[in-house]
Amino acid sequence: NTMRSDNYTLYGIHEASDRYLLMGYFSLISLSSLIEDSLILVGSLHYNAIKQNKVLVVFIQYLAVANFVMNFSSVMPGLASLAADGWFFGDIFCYFNYIAYTTGSQAINILTASLALSKLLIVQYPFRARTFTRRAAHWATLGIWLYSSIFPLAAFLKDKQGVYFSYLYYICSYSCTLGNVWTPLGHATYSIAVGLSIFIGTSVTIVSSILLLIIVKRENGRFKLQGLSMVLATVAFHILFSAPIGLAFVV
């Protein structure tokens with residue numbers, strides 16, 4: 001199947017120095033993310049250190065959890081695969097690797113968009129925002145996680161043989177195959193659904209919400225960052241965390 005990147009000769013990184021360079025880069029990403037996410041969870045859960053609306057705090061906490069999922073399901077297995085120049089965790093963990101990574105990456109995108117949109121609604125409708133509850137935020141994030149898991153689980157249940165170790169990404173991927181037969185319709189449907197979710201449902205929401213936030217926060221011709229800087233910083237960090245990995249996968 002020409003759509004699979006499991007051929008080491010064609011797709012593998014043959015120079016050890018190149019693998020070591022990537023290992024250093026992803027180690028830096030992993031370590032910085034672990035530190036930042038640990039501080040967020042410990043600070044918000046035990047010390048109430050994040051002075052934001054309770055709904056925003058819930059979204060920020062679940063973003064930290066999603067980053068943990070990405071770290072342990074993608075970055076760390078990728079580091080081990082780069083070091084070993086191949087996959088040695090077995091088939092079961094390969095299935096888990098694909099499902100957890102795909103679910104976590106989609107959850108990060110949607111949670112980031114939800115964070116920016118929630119901040120906009122809270123600023124625009126401060127009185128109605130008082131009715132937003134922490135419980136509702138937890139239910140919303142549960143829905144986001146369930147939605148994010150639909151595509152990888154459906155793909156896996158349809159054809160688990162399509163899950164394989166990719167030398168292009170050095171983690172497990174999915175080729176949308178049925179045995180050895182390529183299914184263009186299935187691949188197209190899957191790609192369009194994920195593309196709509198990520199690029200339209202999240203990217204447009206993030207950008208438009210931030211722009212509207214900046215407009216709304218202008219008071220008497222003077223721009224105030226109070227209450228907005230934390231959200232902007234969180235969104236920026238998660239974009240910076242996800243973009244290099246996503247870019248590497250696309251390129």
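The values are calculated or read from the model by the stated rules, or taken from the named source; none is laboratory data. Since the structure is predicted, the reported quantities are computational estimates derived from the model, not experimental observations. Positions of Cβ are backbone-derived with ideal geometry, glycine not excepted, and every protein chain shown enters the neighbour counts. When the accessible area is computed, the model is the full protein with side chains, heavy atoms only, and any ligands, DNA or RNA have been set aside. Shrake-Rupley method; radii C 1.70, N 1.55, O 1.52, S 1.80 Å.
The table that follows gives values for the structure above.
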quantity: Selected residue (criterion: modelled with the highest pLDDT) from residues of segment 165-181 that are surrounded by fewer than 17 Cβ atoms within 10 Å (Cβ to Cβ) and assigned to a strand (DSSP E or B); calculated: L178
quantity: Answer from S38, S5, S17 - the residue that is open to solvent by less than 40 Å² (accessible area, probe 1.4 Å) and of a type in the set (S, T, N, Q); calculated: S5
quantity: Hey, A137 open to solvent by less than 20 Å² (accessible area, probe 1.4 Å), under 20 Å from N53 (Cα atoms) and in contact with a Lys or Arg (Cβ under 9 Å, 6 or more places away or on another chain) or not; calculated: yes
quantity: Looking only at segment 89-106, and only at residues there that are surrounded by 15 or more Cβ atoms within 10 Å (Cβ to Cβ) and hydrophobic (A, V, I, L, M, F, W, C), the one that is nearest to the chain's Cα centre (by Cα); calculated: A100
quantity: All positions within segment 3-46 that are β-branched (V, I, T) and free of Cβ contacts under 8 Å to residues at least 12 places away in the same chain; calculated: T9, I35, V42
quantity: Residue check for I50: at pLDDT below 85 and either more than 22 Å from S105 (Cβ to Cβ) or of a type in the set (V, I, T) (or both); calculated: yes
quantity: Number of positions in segment 33-51 that are within 23 Å of L117 (Cα to Cα) and either of a type in the set (K, R) or in contact with a helix residue (DSSP H, G or I) (Cβ under 6 Å, 6 or more places away or on another chain) (or both); calculated: 7
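One line per residue, one yes/no per condition, for (1) assigned to a helix (DSSP H, G or I); (2) open to solvent by less than 30 Å² (accessible area, probe 1.4 Å):
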position	(1), (2)
T9	yes, no
F26	yes, no
V42	yes, no
Q52	no, no
N67	yes, yes
S74	yes, yes
A83	yes, no
S114	yes, yes
